[in-house]
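Below: the structure, in C-alpha cells.
Just so you know, all these numbers are worked out from the coordinates, no wet-lab data involved. Keep in mind it's a predicted model, so treat the numbers as computed, not measured. Every residue, glycine as well, gets a Cβ built from its backbone with ideal geometry; the counts of neighbours run over all protein chains shown.
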There are 2 protein chains.
Amino acid sequence: MRQWSAARLLPILSWLPGYRREDAAADAVAAVIVAVMAIPQSLAYAMLAGLPPQAGLYASILPLIAYALFGSSSVLSVGPVAVISLLTASAVGAVADPGSPEYLTATLVLAAAVGAVLLLMGALRLGWVANYLSYPVLSGFISASAILIASSQLTHVLGVPVRGDGLVELLGNALRQLPQAHWPTVLLAVAAIVSLAAAHRYGKTLLQALGLRAGLAGLLSSASSVVVVLLAIAIVAAADLAEAGVAIVGSIPRALPPLTMPVLEPALWRELLPVAVMIALIGFVQSISMAQMLAAKRRERVEANRELLGLGAANLAAAISGGLPVTGGVARSVVGFAIGARTPMAGVFSAVGVALVVLYLTPLFHYLPRAVLAAIIIVAVLPLVDLRAIRRTFIYSKADFMAMAFTIAMVLLAGVEIGVMIGVGLSIGQFLWKTSHPHVAVVGLVPGTEHFRNVRRHTVITSPHVLSVRIDESLYFANARHLADVIYDEAVQQPTVRHVVLMCTGINHIDASALESLDELVLRLADAGVKLHLAEVKGPVMDRLERSEFPSRLTGRVFLTQYQALTELDASVVAQAKAAS
Amino acid sequence: MRQWSAARLLPILSWLPGYRREDAAADAVAAVIVAVMAIPQSLAYAMLAGLPPQAGLYASILPLIAYALFGSSSVLSVGPVAVISLLTASAVGAVADPGSPEYLTATLVLAAAVGAVLLLMGALRLGWVANYLSYPVLSGFISASAILIASSQLTHVLGVPVRGDGLVELLGNALRQLPQAHWPTVLLAVAAIVSLAAAHRYGKTLLQALGLRAGLAGLLSSASSVVVVLLAIAIVAAADLAEAGVAIVGSIPRALPPLTMPVLEPALWRELLPVAVMIALIGFVQSISMAQMLAAKRRERVEANRELLGLGAANLAAAISGGLPVTGGVARSVVGFAIGARTPMAGVFSAVGVALVVLYLTPLFHYLPRAVLAAIIIVAVLPLVDLRAIRRTFIYSKADFMAMAFTIAMVLLAGVEIGVMIGVGLSIGQFLWKTSHPHVAVVGLVPGTEHFRNVRRHTVITSPHVLSVRIDESLYFANARHLADVIYDEAVQQPTVRHVVLMCTGINHIDASALESLDELVLRLADAGVKLHLAEVKGPVMDRLERSEFPSRLTGRVFLTQYQALTELDASVVAQAKAAS
C-alpha cells in the first residue's frame, strides 16, 4: 500500500506548482480547438440522450474542472459521449417520459449514481472489475450501439416522429413513415451527412492540396462540424426554414448551469443503479484504454484507480450542474493530444471556453436545425461499426465470436443493458467451461532422458503397473470432480495398474473442493487396490497441503520428480528405458 | 459420441438377462431391511416437507421402480431425503398454504420440474454443471440446513405451533412458547431422541456384547428406528395419549398411490423452476458422490450422465404418483450396499415391500406420534452439522472458509435458496479473482544452465537491455489488461530496457480479449521505444496466433526458447553467464 498524501488525493497538487507559461500556452491552444469541436457534439449527444441542448453544454463545463482536479491523465478530455448517451436515454426513458421534469431529475440521479459507483470502485481499487467486459462483448456492444444510435436519429432526419421497440420495429416504422417525411429536413440532413463525411475523409487532403501545412489541415478538418453547423444556421435563418417546418434547437438559456443536489429518492436510485454500474464500467474501460494508448506515446503511464476517481468526480459534477453522465471522449482526447495539451489544465480552459459560449453565444444556436445535429451523430457513430473486428474475431476464435455475435444480436433486439449482461455472462461461462475441462495427458518416459511426455504424441516407455498422469490446470471446484473421475477411469481400465502418479507441474493452486475430491480419489483408488502418489508438487501448493490431513491419508508418497517416482515404483521399466536409449 | 442402443437407453436390459437366483436372494434380503428402515424415514420426511404421511410412502414406490429401469448404479437407493424435503417445504410454502390442495399440486409440479431438469441435464450431458456447487458451499449448505431442519421440528417436539421467519425468530418464539408446551409430547419426543441416539451410537456394541455377530448387530441397530416407532405406537395406543392431546399421524389411506398428471400451469412452473434446478443439482451431487464412493469398493464406476436420467425418471415417477422430490439417500444406500444389494432389482423389491405396507399395514401407523417422527428427523440430521469440515476448511484456505461461512450464515438468516446462490456466486467470484491476478515473475538466467528462474528467489543473471517475464496463467479477458499493464510498467521503469521477452510456458490459451491487449501492448511498448518478443509459445497457442494479424504487428520475434532469445538480443550477458559458471 502506498501512503495517503494530499498530492495523492488531489493529483493537481503534483503538477500545478511546476506549471509554466509555455504549458499554459500549449494547453490554451488545445483547449480552444477541443471546445470548438466539443460544442456541436455536446448539443447532439444531449439530443440523443433525450435532453434539452443546454444539458450537453453544462456537461462540458463543471465535469471538466472536476476531472482536472481529481484525474491524472494529461490527455483525457471528458464530456458527453454517444454510447453513454444512448445508455442514458434507454435507462432514464424507462422511468420517465422524455421532455418531462422527471426525465431531467432522473438523468441527474443517474449521473450521480455513475459518479458514486466510479468513486467507490476507485476507493476500493476495483478497477479490475472492468476487465470482465471482455473484448468481444465491448466491441460487439459498441458496434450494435452505433447502429441503434444512428437509427434513433431517423426521427430528426425524416422530420417525422419514428418510434419503435427494438431495431426491427423502428426501421419498419421509418419505412412506413417515408411518404410523410418532411423533405426540406431530409435535404438538410443528407447535405450535412455528405459534407461531414466528406470533410472527415477528404478534408485534410483537400486543405493540404490548397497549400496548408499538414498539421493545420488536420486541425481544421477536425473542426469541420463547426463549419457545417454555422452554414446550416445561416441557411435556416436566411430561408426562414423554421417557419417551413424544419425543427430547430430553439432558445437556450443564457446562463451558467444552475447548481442543484440530485434528489434522494431511494426507489429511483435503486432502479437506475444497475445501468449506472454498466455506464461506469463501459465509460471507464473506454477512457482507460484510450488514455493508456495516448500516454504510452509520451512514455507515461495511467493509473487505473486514480482515473476512476477523476471520472467519478466528473460525473458528480455533472449531476449537480444540470448535465448528463460523461466519460473520456475519443475524438476530443485524440485531437487535444495531437495539438499538444500538456496538463489537465487544458480541460479547465476548455470549460471556460464552453462557459463563455453558454453566456454569450447561445442565441447563435437558435436556428441550428436538429437534422444537422442528427447528421453529426450519425457521422460520428457509423465508423464505430467495426466489421473488421467481427471478421478478425471469427477467424481467431469461434467461442469469442459467439460471445460477440450474441452481444450484437441481443443489443439490437432486446436492448443495450440485456445485451451487455448476456455477453458478460457468456464470456465468464465460456472461461469457466474451458477451465473446468482442462487438458489431461497420460505421460511416459522419453528414452534416454528423465523427461515425461504425452503418450499420444511421443514414443515413450510406460510401466504396466505405474500410471503417470499430467494435469495442465490448477485444481478447483469446477474441474476437481471431473479430473478425479478421469484419473479413476484410467486407473481401473488397466487391471495391472497398482500405482497412479500425478505429475503436478501445471498445478498452481488446489482449493478445498479439489482437496476433498483428491481425498475421495485416494479412497476410491485404495478400494480398487491402487495407490495414489504425487510428484513435482510446487512449493506453495505443498505448504498448503501440509496444513490438511491429506498427506497422512495419501496411500502413496510425494516424490520430488516424476522420474524418481517411476524409478522407485518400477525400476525394471527405467532400466529398460536406459537400455533402449 | 457413443452410439445409441436400447441397452444404453434402458440400462436394465444390460443386467436383467444375466440375473440369477442368487442375485435375487441377495437383492431381496437387502430390500427388506432397506424398506423397514425407509418407512419411518419416508413418513418423517413427508411431514418435514409439509405433506401428509402417505406422500412419503408413495415416493418410495414408483420412483424406485423408475430408477431401477433407467438408473445405472447397483448401490443407490432413492427416496425422500431430509435436505431435499426442506427445500421442497421452503419452495412450495412460498406458493401455497401447507395442508391445502394447492400445496399438494405444487409439490407434484416441483417433482415434475426436478425430473425434467435432471433429464434435460442428462440428455445434454450437463452433469458437470453440478460441479459449480463447490465443496465449501455444499458442505456449508448441508450443515446449515441440518440446523434449520432440526429447528423446524420444534413444533412437533413441543406440541405447540412454533413459527418464525429465519432461525433467530423461530428459536425466539420456541423459547416464548415453552411454558405452553404439551409435556406428554415433549416427554415422548425426548425419550425417542435419546433412545434413537443411543441405538445409533451404542446399539451395535451392545448387541455384539449380547453375543450377536458384528454384521447382524449392525443390521439390527440400523433398523432401531422401527423398534422405537413400534414402541411409541404401543405406548400411545395403550395409554390413550392421543385423547390427552399428543398429535398422531392419523389415518393413512389404504390404497396404492393415485396416478395423476402434474398440472400444466405456466406461472406455477415458472415460479418453481429455480428451486427445481437447485434441488436437481444438490440431489445429483449428493447421490453421485455417494454412488461413486460405494461403486469404487467394487471396482465399478458410475456414469454421471446416466445417473441423471435415472434420478430424472425417479422424480417424474414421484410427480405422477403423489410423491415428493426424491434423490439417493445416504443411509438407505449405505445399508443396502452393506447387506449386499447386487442390482437395481433391490430397489424394485423395496418398492414392492413399501407397496404391501401401504396396502395392508397403514392402520398400524394411526397412533404413531408426530413427536417420534420429529425425533427421527432430528437424530438423522444433527450428524450432518459438520463442525470438523468447517474447522478443516478454515485451516486449509481462508477464501474457501469465507465462502462456507457466508453460505451457512445466509442459509440460516436469509433462507436456503438465497444462501446457496450467494455461496455459488462467491465461489465463482473467488476463482475469477484468483485467475485474474496471476503470478508474474521477472526471470533471469541461472549461471551455467539454459534455465530461467524468478529474480527474487534465485541468483540469476539479467540483461540491462532485455527484460524476461514469465506468466503463470493462460491469458484471458479478466487478466490480459492487468498483465499488459504490469509488463509495460516493468519495461518503462528501467530506462535501459529495449526488449521485453515473454516466456510463455504457462500460457495454455490466449483469447480474443488477450490478443487485443497484446496488440495494444506492442504499440504502447513501441511508442516507448521497446520491442516485444515471445518465447517458448506452445504449439496450439502459436497455431491460433498465426490466424490473427498479431505476428505481423509484433515488433520483435517469436523465439523457440528463452535462452535463444537472450543469446540473440544480448550476447554479452550470455557470455558473462558462461564465464561466471
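Do any trypsin sites (Lys or Arg not before Pro) in segment A:146-202 lie in a DSSP loop with no more than 12 other beta carbon atoms within 10 Å, and if so, which? Those satisfying the criteria are A:163.
In peptide A:505-518, how many Cβ atoms from other protein chains are near each Cβ within 10 Å, on average? If you can, show how the numbers build up before the last one.
Working: counts 2, 4, 0, 7, 5, 2, 13, 16, 14, 3, 6, 11, 3, 0.
Average per residue, whole number: 6.
Within segment B:1-98, the trypsin sites (Lys or Arg not before Pro) that combine a DSSP coil assignment with at most 16 other C-beta atoms in a 10 angstrom radius are B:2, B:20. The relative contact order of segment B:27-156 comes to 22 percent, based on Cα pairs under 8 Å that sit 6 or more residues apart. Cross-link reach is defined here as a Cα-Cα straight distance under 29 Å, omitting same-chain residues fewer than 8 places apart; for residue A:204 the lysines meeting it are A:297. Extension gain for residue B:472-residue B:366 works out to 31.5 nm (0.36 nm per residue, less the C-alpha to C-alpha distance).
Taking every DSSP beta bridge with both residues inside segment B:440-580, roughly what % is antiparallel (nearest 5)?
Details: 8 of 21 bridges.
Antiparallel: roughly 40 percent of the beta bridges in segment B:440-580.
Comparing Cα centroids, segment B:544-568 and segment B:251-273 end up 64 angstrom apart. The simple Förster model, with R0 at 30 Å and r as the Cβ-Cβ distance, assigns residue A:263 and residue A:123 a FRET efficiency of 0.80. Among all helices in chain A defined by DSSP H, which have a length of 27 Å or more along the axis from Cα atoms plus a Kyte-Doolittle mean of at least 1.6? Once both thresholds are applied, what remains is A:101-123. For segment B:440-580, the relative contact order comes to 26 percent (Cα pairs under 8 Å, sequence separation of at least 6). Packing order of peptides A:205-213, A:500-508, A:139-147, B:554-562, highest average first: A:139-147, A:500-508, B:554-562, A:205-213 (average count of other Cβ atoms within 10 Å over each peptide's residues). Maximal additional length on extending the residue B:453-residue B:216 stretch stands at 79.1 nm, based on 0.36 nm per residue less the C-alpha distance. Computed on the Cα trace of the protein assembly as shown, the radius of gyration divided by the Kirkwood hydrodynamic radius gives Rg/Rh = 1.04. Mean sequence separation of contacting Cα pairs (under 8 Å, at least six apart), scaled by the length of chain A, corresponds to a relative contact order of 22 percent.
Summarising the label geometry, the points placed 7 Å from Cα in the beta-carbon direction at residue A:242 and residue A:553 lie 8.1 nm from one another. Treating r as the C-beta distance of residue A:176 and residue A:414 and R0 as 25 Å, the FRET efficiency rounds to 0.65.
Under the classification rounded if a/c is under 1.5, otherwise prolate if a/b is larger than b/c and oblate if not, where does segment B:440-580 fall, given a ≥ b ≥ c as square roots of the Cα gyration tensor eigenvalues? Present the calculation step by step, with values, prior to reporting the outcome.
On the way: a/c = 1.70, a/b = 1.52, b/c = 1.12.
The shape class here is prolate.
Taking each residue in B:424-435, count the Cβ atoms of any other chain within 10 Å of its Cβ, then average. What number comes out? Numbers along the way, then the final one.
Numbers: counts 1, 0, 0, 6, 5, 1, 3, 10, 8, 2, 5, 6.
That average works out to 4.
Peptide B:391-400 is shielded by partner chain Cβ atoms: per residue, an average of 5 of them sit within 10 Å of its Cβ. Label sites at residue A:16 and residue A:298, each approximated as a point 7 angstrom past Cα along Cα to Cβ, lie 1.8 nm apart. Taken along the Cα-to-beta-carbon direction at a fixed 7 Å, the label points for residue A:97 and residue B:386 span 5.9 nm.
Taking amide H positions as modeled 1.01 Å from N, with prolines and chain starts lacking one, the residues under 5 Å from residue A:327 and 5 or more places away or on another chain are A:79, A:81.
Applying the criteria of a DSSP loop state and at most 15 other Cβ atoms within 10 Å to the trypsin sites (Lys or Arg not before Pro) of segment B:416-468 yields B:456, B:457. With a ≥ b ≥ c the root eigenvalues of the C-alpha gyration tensor of segment A:339-396, is it rounded (a/c under 1.5), prolate (a/b larger than b/c) or oblate? It comes out oblate by the Cα gyration axes. Using the Cβ-Cβ distance between residue A:568 and residue B:527 with R0 = 60 Å, the FRET efficiency computed as 1/(1 + (r/R0)^6) comes to roughly 0.65. Of all DSSP bridge pairs formed entirely within chain B, close to 45 percent run antiparallel. Packing order of peptides A:26-32, B:546-552, highest average first: A:26-32, B:546-552 (average count of other Cβ atoms within 10 Å over each peptide's residues). Taken as Cα centroids, segment A:344-371 and segment B:59-82 sit 76 Å apart, rounded to the nearest whole angstrom.
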